[in-house]
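J.: Okay, handing you the structure first.
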Amino acid sequence: MLEAQADGSLDAWFDGYSTGLGNFSAAAIGRAQDLSTGLRLSSFSPDGKPVEKEIDVLVRRLARRGLVEYRLAHPADAKELVAIEPQLPDYWPRTLKPDNADVIALSRFAYLRRRGGEMVLESPRAGALFRIGDPKIASILALLATPQKISRLRRQDGFPGMEFLGLLMDCRILFKVEAEGDGFRADEGDDNLVLWDFHDLLFHARSTEGRQANPIGGLYPFAGIMPPPPAVRPSWPGKQIDMDGFLDGFNALSEPLPGIAGVLRERHSVRDFDDTRPVTLTELSRFLDGSARILSKWESPLDPEDGDSPLIDYTTRPYPSGGSSYELELYLAAANCEGLTRGFYHYDAGRHALTPIDVRPQDFDAMLTSAELAMDAPGAPQILITIAARFGRISWKYSGLAYSLILKDVGVLMQTFYMVATGMGLGGCAIGTNNIELFAKMTHIDFHVEGPVGQFAVGRALPDQP
């Protein structure tokens, strides 16, 4: 809901919250009320009349906050074909201009699914999802499982129009097949995209922030539906073997444990850091050396008995990795580190060196703020480590479980971070979410080539923390 204020400003209200949109003329505020029922995109423009320019500014501000959806109607009877729901904050509908002679196909990442009482078309590569209003669209999409010439599609009953095809092509739900192509995996996107399986890319995009508009995080969605599951599983029936009887008088819950076992017992998450005593660059160097540095390198042929077999590079690091792939890269947002300039860095694990990356200050701050909120912490971490994956490194070998292996590698690396931090007397905290689109903007790397799969905060704990 839009609400005009006495000073000429306009607020948007949603889910009990409000956000300011700026000041507008009385004419623009009056026209803005039509947004509740719909305004034609052609009725305002950054190059139009003064009121049209104001409406364009207003709609784009609403769009950046995810508060606008777009409707495409059939030109003959104004019946709704689709409603477009942006999944990216900077999405704006664009219609590419396909030609009758073009051959197009449905992306292998696109899918139709039921959402409540609606049918939606979406893809992890798309900037928006399409809420289907005309069931005949499904039959057109089914035809596009194989490449089709647009001139043939236009003769089909229920053809939704060239504008609709252009919108889907812009979202990469449809793609143009070149003359020599067959519409299969190699024709769609670059070599890095070829390596992805459908379910892996979908899980990567839908289980993180940045490329979806769904709620994410600790929202307790089933609190009013069912009771919380117990912290400890009920015991299996049958006679148990009491393991305490084999500890020879040692009290595992109260007596100190030696070495690695003691570090495991002491490990805990620290969310509140002492910014009067920041972690030092020397400590950061020791932390990365003990947890992530490359210890050795070697290469081996894929098939030792085949002289033409490709050679594969391998490394050894302090943590295990599926198939010795070691696909994980570390990026550090140094907010407060003594001896290190505030900024964003890539950790070169082979040279044990940090390389600064030039990023926009607002993006750097947004990354730290997001981590602070995710941890429910009173302030930003001193060092925020983003764990990114070079997806192709592991999917080149593994099929069907590549992303699953990446997440397992993230888990053991996080445990390694915890153990090294605890052993050094530092605090650490694993973070459950990250923004893959923000990372892509900061690094200028496409989200399917290399992207974040985990985050970890490091710093010096306040003295009163356990």
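The values are calculated or read from the model by the stated rules, or taken from the named source; none is laboratory data. Just so you know, these numbers come straight off a predicted model, no measurement behind them. Note that we place each Cβ from the backbone using ideal geometry, even for glycine, and neighbour counts take in every protein chain shown. For the accessible areas, the whole protein counts, side chains as well, though only heavy atoms, and no ligand, DNA or RNA atoms are used. Shrake-Rupley method; radii C 1.70, N 1.55, O 1.52, S 1.80 Å.
J.: Kindly rank 345-352, 10-17 from highest to lowest mean number of other beta carbons found within 10 Å of each residue.
T.: 345-352, 10-17
J.: Grab the Cα-Cα distance for SER42 and LYS149, subtract it from 0.36 nm times how many residues apart they are, and report the gain in nm with one decimal. Before the final figure, lay out the partial values.
T.: Numbers: separation 107, 0.36 × 107 = 38.52 nm, distance 2.92 nm.
Roughly 35.6 nm would be gained on extension.
J.: Using the basic label-point model (7 angstrom from Cα toward the beta carbon), what is the VAL263 to GLN415 distance in nanometres?
T.: It works out to 1.3 nm between the two label points.
J.: Please give the solvent-accessible surface of SER42 in Å², to the nearest 10, using a probe radius of 1.4 Å with every protein chain present.
T.: 110
J.: For the chain, what is the charge dipole size about the Cα centre, in debye to the nearest 20, if Lys and Arg each add +1 at the Cβ and Asp and Glu each add -1 at the Cβ?
T.: The calculated dipole for the chain is roughly 900 debye.
J.: Next question. With θ taken as phi - 60° and the coefficients 6.51, -1.76 and 1.60, list the Karplus ³J(HN,Hα) couplings across the stretch 351-358 in order, rounded to whole Hz; mark glycine and proline as x.
T.: 9, 6, 9, 10, 10, x, 10, 6
J.: Calculate, for SER399 and ARG233, the FRET efficiency according to 1/(1 + (r/R0)^6) with r their C-beta to C-beta distance and R0 25 Å; round to the nearest 0.05.
T.: Numbers: r = 33 Å, r/R0 = 1.33.
In this case the efficiency is close to 0.15.
J.: Let me ask something else. By its C-alpha gyration tensor, with a ≥ b ≥ c as the square roots of the eigenvalues, how is the stretch 358-437 shaped: rounded for a/c under 1.5, else prolate for a/b larger than b/c, else oblate? Working shown, then result.
T.: On the way: a/c = 2.39, a/b = 1.36, b/c = 1.76.
Here the stretch 358-437 falls in the oblate category.
J.: With every protein chain kept in the model, how would you rank GLU80, GLU122 by accessible area, 1.4 Å probe, largest at the top?
T.: Details: GLU80 60, GLU122 5 Å².
If we order GLU80, GLU122 from most to least accessible, we get GLU80, GLU122.
J.: Same structure again: Does the stretch 1-80 classify as rounded, prolate or oblate by the C-alpha gyration tensor (a ≥ b ≥ c root eigenvalues; a/c under 1.5 gives rounded; else a/b over b/c gives prolate, otherwise oblate)?
T.: Oblate.
J.: Output the peptides 44-56, 301-313, 374-386 sorted from most to least packed, where packing is the average of other Cβ atoms within 10 Å over each peptide's residues.
T.: The peptides rank, most packed first, as 374-386, 44-56, 301-313.
J.: Here is a further query. Keeping all protein chains in position, work out how much accessible area MET119 exposes to a 1.4 Å probe, and write it in Å² to the nearest 10.
T.: That residue has around 90 Å² of solvent-accessible surface.
J.: Rounded to the nearest 10 Å², what accessible area does LYS149 show when all protein chains are kept and the probe is 1.4 Å?
T.: Roll a 1.4 Å probe over it and LYS149 shows about 100 Å².
J.: In nm, what is the difference between 0.36 nm times the number of residues separating GLN33 and ASP376 and their Cα-Cα distance?
T.: 119.8 nm
J.: For a test of the definition: using alpha carbon positions, the gyration tensor, and the 1.5 limit on a/c, classify the chain as rounded, prolate or oblate.
T.: prolate
J.: For the chain, what relative contact order do you get, as a whole percent, if you take Cα pairs closer than 8 Å and at least 6 residues apart?
T.: This gives 12 percent for the chain.
J.: While we're here: What whole-number value in Å² describes the accessible area per residue of the chain for a 1.4 Å probe?
T.: Roughly 54 Å² per residue, with all protein chains present.
J.: What is the stretch 350-456's relative contact order, in percent, from Cα pairs under 8 angstrom and six or more apart in sequence?
T.: Contact order relative to length: 36 percent.
J.: Okay, moving on. How high is the relative contact order of the stretch 254-411? Use alpha-carbon pairs under 8 Å, at least six apart in sequence, and give a whole percent.
T.: For the stretch 254-411, the relative contact order is 23 percent.
J.: Same structure, new question: Given a 1.4 Å probe and heavy atoms of the protein chains only, how would you sort TRP298, TRP196, TRP236, TRP92, largest accessible area at the top?
T.: Final ranking, largest accessible area leading: TRP236, TRP298, TRP92, TRP196.
J.: Please give the contour-minus-distance gain from GLN156 to LEU407: 0.36 nm per residue of separation, less the Cα-Cα distance, rounded to one decimal in nm.
T.: Full-extension gain reported as 85.9 nm.
J.: Still on this structure, please answer the following. So, R0 is 22 Å and r is the distance between the beta-carbons of LYS49 and GLN5; what FRET efficiency does that work out to, to 0.05?
T.: Details: r = 24 Å, r/R0 = 1.09.
With R0 = 22 Å, the Cβ-Cβ based efficiency is 0.35.
J.: Return the FRET efficiency for the residue pair GLU299, LEU368: r is the Cβ-Cβ distance, R0 is 56 Å, and the value is rounded to the nearest 0.05.
T.: 0.90
J.: Counting only DSSP beta bridges with both residues in the chain, what percent are antiparallel, rounded to the nearest 5?
T.: The antiparallel fraction comes to roughly 95 percent.
J.: Let me ask something else. Would you rank VAL232, VAL57, VAL458 by solvent-accessible area, highest first, keeping every protein chain in place and using a 1.4 Å probe? Numbers along the way, then the final one.
T.: On the way: VAL232 115, VAL57 60, VAL458 5 Å².
I get VAL232, VAL57, VAL458, largest accessible area first.
J.: Of PHE184, GLN156, PHE203, which is farthest on the positive side of the dipole of the stretch 150-287, counting Cα position, with +1 on Lys and Arg Cβ, -1 on Asp and Glu Cβ, and the Cα centre as origin?
T.: Highest projection toward the positive end goes to GLN156.
J.: Roughly how many percent of the accessible protein surface of the chain is carbon and sulfur, given a 1.4 Å probe and a whole-percent answer?
T.: 54
J.: Sticking with this one: Give LYS97/LYS136; LYS149/LYS397; LYS97/LYS441; LYS136/LYS441 a once-over and call out the pairs whose C-alpha atoms are over 29 Å from each other.
T.: Distance filter (> 29 Å) returns LYS149/LYS397; LYS136/LYS441.
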